[in-house]
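These notes concern the structure reproduced below.
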């Protein structure tokens, strides 16, 4: 591993984002618009908003980061830049670590801004630790980033990469407990929900908001574990030699 | 005694999609030379170059580069590869593109600027690459190969889209690099450029048709026109096959 190559890559990705303010605005802005919309949809039903907003505080950024990173990495493969990098002193792990570093910074800003907006502007009432809520929201954005990198190699075109979003996110949304409580699902589905990362994101955020901080650390640990797994998958599925 | 070849290829086979792209290549490229890889598009030039820099999946044979198997980790500091597409980040400036490659190699921003200067692009250094012409983009990409301490440059069609003056400047640069001790493998489909090479390798349908010099090519085919010489060689090869 070369720390130099990792840092150079993170810096280059941030330079690219700086050159693309519209993408940056979408990354930060889309979760805010969605949360604002949620508040309006639940107007007059404050109790329901208070219940549903915290988990979505993680899920919106997760979705956005998933798309952004999977398309960015795909572009690296299709534009020929990856091929050139693979002839240079840079390991596959260096490249993925550079991506993780740059987008972790973006995810941290995104998750922090989204939680701040929900609490200050939308009046989200956090019973438990606000810090734990923000940390979990940020971790979810990081999870989206890591999964985007992990699954990017399955797509060969940008169309496919975009299709992975519903294929990857929507089943988890159905199974995480947001729509139907997990203990009311068929046993097979409940078991399946236990191996999906978003389930833990949902429960951690919902618990913290409701004042039960006992599961927050476990939820954070599981989310971090999924992140590490997805990043390792991303590095292993990059190919130095191609056909 | 001659120095060992910079590149030594024996029995290289590359298949793609069930089709044989390079059926069986044997080739030596002399160290300290400018060798032209010449052939029509689709003849396998890029595939051969990809095999030499170690990013091509090969079906068989051996490719030795600077005494190591192609793609070996130590070669990543010794061999520079410039792809035909240029492999640039369109949204970044020329200086940022080359600066990124420089940082990977542990070099400074000044060295990136110096490389851009060598290819005559100092004035365009801060413009986004996406707004440069094809020829300028190729030169940005080439600047990345002038960083560091590369011993072998593998350049895939570096002179495409350049006007004759720039083309001549680049070939003069290649000569200077060779004189400084580097080995260059340069692909082109412009036969005129064969005359600027120490040695030319003619590739057709994945096979080496001839390894010669421009003068040797003229002598063998009895014509001064290199295009005509290439046609005669092909005809002769086809006749021999029948």
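Overview of values
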| quantity | calculated |
| --- | --- |
| Matching residues, the stretch B:88-113, being more than 8 Å from chain A (Cβ to nearest Cβ), crowded, with 17+ Cβ neighbours inside 10 Å and free of Cβ contacts under 8 Å to residues at least 24 places away in the same chain | B:99, B:113 |
| Among (1) in contact (Cβ under 8 Å) with a residue 60 or more places away in the chain; (2) more than 10 Å from chain B (Cβ to nearest Cβ); (3) under 20 Å from residue A:145 (Cβ atoms), the one test that residue A:21 misses | (1) |
| Per-region count, the stretch A:24-52, residues crowded, with 19+ Cβ neighbours inside 10 Å and over 21 Å from residue A:144 (Cα atoms) | 1 |
| Subset of the stretch B:3-24 that is touching a strand residue (DSSP E or B) at 6+ places or on another chain (Cβ under 6 Å) and within 14 Å of chain A (Cβ to nearest Cβ) - its residue that is surrounded by the fewest Cβ atoms within 10 Å (Cβ to Cβ) | B:13 |
| Residue within the stretch B:4-12 that is outside any strand (DSSP E or B), closer than 21 Å to residue B:213 by Cα and over 18 Å from the mean Cα position of the chain (by Cα) present | yes |
| Sole residue being surrounded by fewer than 22 Cβ atoms within 10 Å (Cβ to Cβ) and in a helix (DSSP H, G or I), chosen from B:165, B:170 | B:165 |
| Single residue of B:37, B:27, B:48 found to be touching a helix residue (DSSP H, G or I) at 6+ places or on another chain (Cβ under 6 Å) and either more than 10 Å from every other protein chain (Cβ to nearest Cβ) or in a helix (DSSP H, G or I) (or both) | B:37 |
| Qualifying positions in the stretch B:221-235 - in contact with a helix residue (DSSP H, G or I) (Cβ under 8 Å, 6 or more places away or on another chain), in a helix (DSSP H, G or I) and loosely packed, with under 15 Cβ neighbours inside 10 Å | B:227, B:228 |
| Selection status of residue A:71, surrounded by fewer than 24 Cβ atoms within 10 Å (Cβ to Cβ) and touching a helix residue (DSSP H, G or I) at 6+ places or on another chain (Cβ under 6 Å) | yes |
| Those residues of the stretch B:173-195 which are in a helix (DSSP H, G or I) and modelled with pLDDT of 90 or more, in sequence order | B:173, B:174, B:175, B:176, B:177, B:178, B:179 |
| For residue A:88: the one exception among (1) within 14 Å of chain B (Cβ to nearest Cβ); (2) part of a helix (DSSP H, G or I) | (2) |
| Filtered residue count, the stretch B:59-87, keeping only those that are farther than 21 Å from residue B:22 by Cβ, facing chain A (nearest Cβ under 7 Å) and assigned to a loop (DSSP other than H, G, I, E, B) | 1 |
| Failed condition for residue A:61, given (1) within 14 Å of chain B (Cβ to nearest Cβ); (2) modelled with pLDDT under 90; (3) under 21 Å from residue A:141 (Cβ atoms) | (1) |
| For residue B:212: the one exception among (1) over 22 Å from residue B:102 (Cα atoms); (2) within 14 Å of the chain's Cα centre (by Cα) | (2) |
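The values are calculated or read from the model by the stated rules, or taken from the named source; none is laboratory data. No experiment lies behind these values; they were computed from the predicted model shown. Backbone-built Cβ (ideal geometry, glycine too); neighbour counts: all protein chains shown.
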